[in-house]
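One structure is given below, encoded as structure tokens.
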Amino acid sequence: MQVRVRYAPSPTGLQHIGSVRTALINYLFARANGGTFVLRLEDTDRTRFSEDYVKNLYDTFEWLGFYWDEGPDVGGPYAPYIQSERFQLYQEHAMRLVEAGAAYYCFCGEERLAGLRAAQEGSDSADLGYDRHCRGLDPREAADRVAAGEKAVVRLKIPLEGSTKFHDLVLGDIEWKNEDVSPDPVLLKSDGFPTYHLANIVDDHLMRITHVMRAQEWIPSAPFHIVMYAAFGWEPPQLVHLPMVLGPDGHKLSKRHGATAVDEFRKKGYLPEALVNYVSHLGCSFEEGRDLFPLADLERLFKIERLNKAPAVFDYQKLEWYNGQYIRMKGDAELRDLVLPFLAQEGLVAEAPSEAQRSFVLSAMPLVKERLKFLSDAPAMMRYLFEAPPLPAAEEFISKKLDKARAAELLAAGAALLSACDLSDLPATEARYRAEAERLGAKFGDLMAPLRVAVTGSRVSPPLFESIALIGADEALARAGKALASLG
Ligand code: GLU
Ligand code: ZN
């Protein structure tokens, strides 16, 4: 069988962790089986639709670095891949179901349905939803009323008795008593627009989708779909409902837990590799004892058997860890290119950095690579390399058990030694500072601390001698001089 899977987002919101997980699993399954991954835009909900969300969709996947084989932008044999361009098909198919007696016209207006809802809410009867008022109408009469211009929706007949079963490749056999299936969902609205259910099933069939892999929240819709496949006389695709993604508190992952939109992660300075690697592991286990997988390995290793039934918990700290790992794996030049936009945003380099800026930032990469958790940490971590930091308060210079006079003395000694050192020879420089500390009866750390504060503005910083080598000894001496003056 030629595997064909699809990612079928509705452009009614930003791409988020859950949607990316669905897309990624579909993509990996296609790749693992030499199949085809399709993007289909389910834009039938015109009230919540926005062009911005469509743009966000394309931007997100371009950034994440995995893409579809067929879709609105790349085309394919089953085009168009945008549902709003396929309305004719849904109308034809709704008519087929009406003619077969598997669906029917309903003329109930908003007013009647609202009254029905109010009555149901006020009573303690378990009946909820549409009361099948129009199901018994004579189909000929109903068709005449529609022909005469009366407004109607088309509803699917859910069988009144028995049950609807399906097999989920992860969850196993699932059976719904038909009396528990929501009564007679709308397939076609009165304005001729299809609902999700109709458009989704017609397209999955016409696009020859073999496996439907989607979030578990769609399980209650599955019985409608099974009923429709039977009514059309089509064979349903295999169903795979993916494990839920929960926040650390056990509730469905949402904005309350932190960032969920991919854009937020991107702005924070996450690498797409980290996000892809972590998200692929939500509810799916690849290899015991191994955390880092290039996309190519995930593509090769993915199997449906690796999916869990149990929900996955989204662990922000784990993702942070992944991010650090991927930052450390970058070559200096690549990391430089990733960091530059963040530096530009803070005005440290030009929007289009000069050659000199590019090579300066390149030489700074070995100093920060081990320390960055996010690309967005770079401006604060590196600012002192571009400009003198504001003069720190006097206490900052004074190490534990020392006083101000001693701190000033050590700073003066540390600065004086700078001019005598060859900063291109770091081991020798360090040896000279160690000897100087000994001569002064100070700890090495106590000699270094005030110089570090003067040069970098902080007690914790990237390696000091390397930093001074970058900004130049003269600049470092100027900063030390100002600090000394302030210490009196
Ligand atoms: N358009 C639906 C969504 O927004 C697709 C659900 C499915 O995959 O069947 O998620
Ligand atoms: Zn009705």
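The values are calculated or read from the model by the stated rules, or taken from the named source; none is laboratory data. In this text the structure is predicted, and so the values were computed from the model without any measurement. Counting neighbours? That spans all protein chains shown, and the Cβs are built from the backbone with ideal geometry, glycine included.
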*asked:* Can you confirm whether K165 is of a type outside the set (S, T, N, Q), closer than 30 Å to L28 by Cβ, surrounded by fewer than 17 Cβ atoms within 10 Å (Cβ to Cβ) and more than 26 Å from the chain's Cα centre (by Cα)?
replied: yes
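Based on what the data block shows, is A143 surrounded by fewer than 12 Cβ atoms within 10 Å (Cβ to Cβ), among the hydrophobic types (A, V, I, L, M, F, W, C) and not in a strand (DSSP E or B)?
The answer is no for A143.
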*Only one residue in R117, R135 is among the basic types (K, R) and touching a residue at least 24 places away in the same chain (Cβ under 8 Å), so which one is that?*
R135
*β-branched (V, I, T), more than 16 Å from ligand 2 (Cβ to nearest atom) and in a helix (DSSP H, G or I), is that true of I174?*
no
*Quick check: is even one residue across region 349-358 among the basic types (K, R), in a helix (DSSP H, G or I) and free of Cβ contacts under 8 Å to residues at least 24 places away in the same chain?*
yes
*asked:* Given (1) within 16 Å of ligand 1 (Cβ to nearest atom); (2) out of contact with any strand residue (DSSP E or B) (no Cβ under 9 Å at 6 or more places or on another chain); (3) of a type outside the set (G, A, S); (4) within 19 Å of P185 (Cβ to Cβ), identify the lone condition not met by R117.
replied: (1)
*Return yes when S467 is crowded, with 19+ Cβ neighbours inside 10 Å and not in a loop (DSSP other than H, G, I, E, B) and no when it is not.*
yes
*asked:* So, in region 222-264, exactly how many residues are outside any loop (DSSP other than H, G, I, E, B), under 18 Å from the mean Cα position of the chain (by Cα) and touching a residue at least 40 places away in the same chain (Cβ under 8 Å)?
replied: 7
*asked:* Just the residues that are away from ligand 2 (no atom under 16 Å from the Cβ), among the aliphatic types (A, V, I, L, M), at pLDDT 95 or above and surrounded by 14 or more Cβ atoms within 10 Å (Cβ to Cβ), please, taken from region 177-211.
replied: L198, A199, I201, V202, M207, I209
*Select from region 198-221 the residues that are more than 25 Å from A79 (Cα to Cα), more than 8 Å from ligand 1 (Cβ to nearest atom), touching a His at 6+ places or on another chain (Cβ under 9 Å) and of a type outside the set (D, E) and list them in ascending order.*
Q216, I219
*Could you list, in sequence order, the residues of region 445-488 that are closer than 17 Å to P427 by Cα, free of Cβ contacts under 8 Å to residues at least 40 places away in the same chain and touching a Ser or Thr at 6+ places or on another chain (Cβ under 8 Å)?*
L464
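May I ask you to say which residue of F66, F61 is of a type in the set (A, V, I, L, M, F, W, C), within 16 Å of ligand 1 (Cβ to nearest atom) and under 27 Å from E299 (Cα atoms)?
F61
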*Counting just the residues of region 240-299 that are surrounded by fewer than 21 Cβ atoms within 10 Å (Cβ to Cβ) and among the aromatic types (F, W, Y), which one comes out farthest from L335 (Cα to Cα)?*
F286
_Let me confirm something: among G414, G445, which residue is among the small types (G, A, S), surrounded by fewer than 20 Cβ atoms within 10 Å (Cβ to Cβ) and in a helix (DSSP H, G or I)?_
G445
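I'd like to verify a number: residues in region 327-346 that are surrounded by fewer than 18 Cβ atoms within 10 Å (Cβ to Cβ) and either in a helix (DSSP H, G or I) or of a type outside the set (G, A, S) (or both), how many?
Residues meeting the conditions: 11.
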*Of all the residues that make up region 265-317, how many are of a type in the set (D, E, K, R), in a helix (DSSP H, G or I) and under 22 Å from L14 (Cβ atoms)?*
4
*Among the candidates R86, R96, single out the residue that is surrounded by 11 or more Cβ atoms within 10 Å (Cβ to Cβ) and within 16 Å of ligand 1 (Cβ to nearest atom).*
R86
*Does R155 fit the bill of being away from ligand 1 (no atom under 16 Å from the Cβ), within 42 Å of the chain's Cα centre (by Cα), part of a loop (DSSP other than H, G, I, E, B) and closer than 24 Å to G192 by Cα?*
no
*Just for helices (runs of 4 or more DSSP H) wholly inside region 1-112: which have at least 1 residues that are at pLDDT 95 or above and small (G, A, S)?*
17-32, 87-99
*Does at least one position in region 15-26 carry a residue that is among the basic types (K, R), within 16 Å of the chain's Cα centre (by Cα) and more than 21 Å from A215 (Cβ to Cβ)?*
no
*Please list, ordered by first then second residue, the pairs with beta carbon atoms under 7 Å, 6 or more apart or interchain, first in region 187-208 and in a helix (DSSP H, G or I), second among the small types (G, A, S).*
H197/S221; L198/A94; N200/A8
*Could you grab the pairs with beta carbons closer than 8 Å, sequence gap of 6+ or different chains, first residue in region 90-107 and over 18 Å from Y196 (Cα atoms), second one more than 16 Å from ligand 2 (Cβ to nearest atom) and part of a helix (DSSP H, G or I)?*
A100/A231
*Residue count, region 120-138 (criterion: away from ligand 2 (no atom under 12 Å from the Cβ) and either more than 19 Å from L187 (Cα to Cα) or surrounded by fewer than 12 Cβ atoms within 10 Å (Cβ to Cβ) (or both))*: 9
